[in-house]
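Beneath this line is the structure, given in structure tokens, with notes to follow.
The values are calculated or read from the model by the stated rules, or taken from the named source; none is laboratory data. Because the structure is predicted, anything quoted here is derived from the model rather than measured. In this analysis, Cβ positions are derived from the backbone assuming ideal geometry, glycine residues included, and neighbour counts consider all displayed protein chains.
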Amino acid sequence: MKRFLVVSYAIHKQKDGRVYSYAPYVREMNIWLKHADLVRVVAPFLQDAPDPLDMAYVHPQFEFVGVKPIDLTSLKTTICSVWFLPKIIWVLLCQMYWADHIHLRCPGNMGLIGLMVQVFFPKKNKTVKYANNWDPRSRQPLSYRIQKKMLRNSWLTRRCKVLVYGDWREKSRNIIPFYTASYTEADGYDVPIRSASRDDVLQLLFVGTLTSNKRPHTAIQTVVALNAIGIRSHLTLIGDGAQKSSLRSMCDELGVNKQVAFTGKLSPAEVVGYFKASHFLVFMSWSEGWPKVVAESMWWGCVPVSTDVSCVRSMLGDGQRGIITDPDAVKIAESINVLVSQSQAYQQMALQGMEWSRQYHLGRFERDVSDILLKKG
């Protein structure tokens, strides 16, 4: 296709003439952009320098159109956002008029505005990546619910393929169950499956932002709960966030500071080494789409311990490829205890997870994206 427009909620940055954003998102978008001659991206822009979790777009004919971030978290930022809203709408109208294909990233404030504007272009082909929880039973913000209603509506959102994580038996012809990928097929080399028993020091891993929605405190409490039943463990928390200081204090108060390590932000390549060395990923997030960290941990033989959020139950095969539990440290510890008390049960679960996860590599993802773009709306 000739002119491909991306409307994204992700924060973008610039350095040395290149445009950066969150690495997993950009890695995926670079695959989409292979099918376009000309590319324009409309997204929020900040003057900050890229950090280790950012990655640059790669395309020979790439243009970036930065807009002010929409922020409704305080009265001051809400007033500023309302002030800039007409300009953002005008930019989107102009760019959608230019485009042959419109690609929206939802949910988010930019996704909501983009959905409102795309209504005026019913004849243009569109794709939408809904990178959050599509489960109709989940509690979600009003703006997310509005976006889901619009995406299901094939009259308001025409000639559109909406890629959602998991198969929720949707009746709308717009909706297509999909997935995402992190690694190439070549990354699927042999990795020794770790043994795990009550006599081992279990290596626990948390990967994500240190914020309340990811529940890192539950991972720390799990160390305490394992100590209480005589299982030694060590937890590594990878990531940064607002709760980092309070989590360190929590470790001191609970007496587990020697059993818990904070690495800060790491690049995806650096995280791989921790996956390979860990027995369990502790993933207690309350809101997700396709949680990449769960699929990535399984890829390297690290067993996920997760809440029943979004499509995780399907990913973990109803508990055959990982542990599904409530976000309660005592229950997590009990589930781990049951697994490691059974001879070879841990290794069997890790192997099944690895075999399942390695189906979803970047080569397959690229072929499936190509098929979607080649189909007419």
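Residues THR180, THR157: which one is assigned to a loop (DSSP other than H, G, I, E, B) and within 21 Å of VAL117 (Cβ to Cβ)?
Exactly one residue qualifies, and that residue is THR157.
Would a scan of the range 211-234 turn up a residue that is at pLDDT below 95 and closer than 18 Å to VAL312 by Cα?
Yes, there is a match, as at least one residue in the range 211-234 is at pLDDT below 95 and closer than 18 Å to VAL312 by Cα.
Which condition does ARG105 not pass, out of (1) crowded, with 21+ Cβ neighbours inside 10 Å; (2) more than 19 Å from PRO44 (Cα to Cα); (3) basic (Lys, Arg), if it passes all the others?
Result: ARG105 passes all but (2).
May I ask you to list the residues in the range 241-277 that are under 18 Å from VAL224 (Cβ atoms), outside any helix (DSSP H, G or I) and of a type in the set (Lys, Arg)?
The answer is LYS258, and nothing else.
Could you check GLU28 against (1) more than 21 Å from GLU366 (Cβ to Cβ); (2) of a type in the set (D, E, K, R); (3) in contact with a Ser or Thr (Cβ under 7 Å, 6 or more places away or on another chain) and say which number it fails?
(1)
For the range 269-301: of the residues being over 20 Å from SER314 (Cβ atoms) and of a type in the set (D, E, K, R), which is surrounded by the most Cβ atoms within 10 Å (Cβ to Cβ)?
Only one residue fits best here, namely LYS276.
Has the range 178-189 got any residue that is touching a strand residue (DSSP E or B) at 6+ places or on another chain (Cβ under 8 Å), of a type outside the set (A, V, I, L, M, F, W, C) and buried (at least 16 other Cβ atoms within 10 Å of the Cβ)?
yes
With the checklist (1) surrounded by fewer than 19 Cβ atoms within 10 Å (Cβ to Cβ); (2) out of contact with any Cys (no Cβ under 8 Å at 6 or more places or on another chain) in hand, flag the one item PRO304 doesn't pass.
PRO304 satisfies every listed condition except (1).
Taking GLU253, is it charged (D, E, K, R), closer than 30 Å to ALA181 by Cβ and either surrounded by fewer than 17 Cβ atoms within 10 Å (Cβ to Cβ) or not assigned by TED's automatic domain parsing to the domain that holds ILE324 (or both)?
Against the criterion (charged (D, E, K, R), closer than 30 Å to ALA181 by Cβ and either surrounded by fewer than 17 Cβ atoms within 10 Å (Cβ to Cβ) or not assigned by TED's automatic domain parsing to the domain that holds ILE324 (or both)), GLU253 does not qualify.
Which residue out of LYS148, LYS124, LYS129 is of a type in the set (D, E, K, R), more than 22 Å from the chain's Cα centre (by Cα) and surrounded by 15 or more Cβ atoms within 10 Å (Cβ to Cβ)?
Exactly one residue qualifies, and that residue is LYS124.
Please give the helices (runs of 4 or more DSSP H) falling wholly within the range 278-360 in which 3 or more residues are over 16 Å from the mean Cα position of the chain (by Cα) and β-branched (Val, Ile, Thr).
329-340
Which residue pairs have Cβ atoms under 8 Å apart, sit 6 or more places apart or on different chains, and have a first residue in the range 334-348 that is surrounded by fewer than 14 Cβ atoms within 10 Å (Cβ to Cβ) and a second that is among the basic types (Lys, Arg)?
SER341/ARG198
Can you say whether TYR189 is touching an Asp or Glu at 6+ places or on another chain (Cβ under 9 Å) and of a type in the set (Phe, Trp, Tyr), as far as the supplied structure shows?
Judged against the criteria, TYR189 is not a match.
Table: residues versus (1) farther than 26 Å from TYR22 by Cα; (2) touching a Phe, Trp or Tyr at 6+ places or on another chain (Cβ under 6 Å).
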position	(1), (2)
SER74	no, no
TRP83	yes, no
HIS101	no, yes
PRO141	no, no
CYS160	no, no
